[in-house]
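Notes follow the structure.
The values are calculated or read from the model by the stated rules, or taken from the named source; none is laboratory data. These numbers were taken from a predicted model, which means no experiment stands behind them. Here the Cβ positions follow ideal geometry from the backbone for every residue, glycine too, while neighbour counts run over all protein chains shown.
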């Protein structure tokens, strides 16, 4: 594997997401260097971060479902 595309989702306001993602992109060289020191591979993959908004909403949806399920079970115990 010579290339690795990594989907990133960031929570927060639009400005916070933009700043966080840009900071991650700026740190790509450093992250790739650190990764190369830990991987036992002939080549260190060239990493590319891509913004993936879909995953953020999926995680939020799952967490909301778990909270709803948990709250429903708590209510059953009280009765």
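Details
- Failed item, numbered, when residue 49 is tested on (1) under 14 Å from the mean Cα position of the chain (by Cα); (2) modelled with pLDDT under 90: (2)
- Tally, over segment 23-41, of residues that are more than 20 Å from the chain's Cα centre (by Cα) and surrounded by 12 or more Cβ atoms within 10 Å (Cβ to Cβ): 2
- Within segment 52-79, the only residue that satisfies the criterion of being within 21 Å of residue 3 (Cβ to Cβ) and either at pLDDT 90 or above or outside any helix (DSSP H, G or I) (or both) is 52.
- Selection count where residues are part of a helix (DSSP H, G or I) and on the phi > 0 side of the Ramachandran plot, scope segment 1-51: 0
- Looking only at segment 1-22, and only at residues there that are loosely packed, with under 13 Cβ neighbours inside 10 Å, under 15 Å from the mean Cα position of the chain (by Cα) and closer than 19 Å to residue 60 by Cβ, the one that is modelled with the lowest pLDDT: 11
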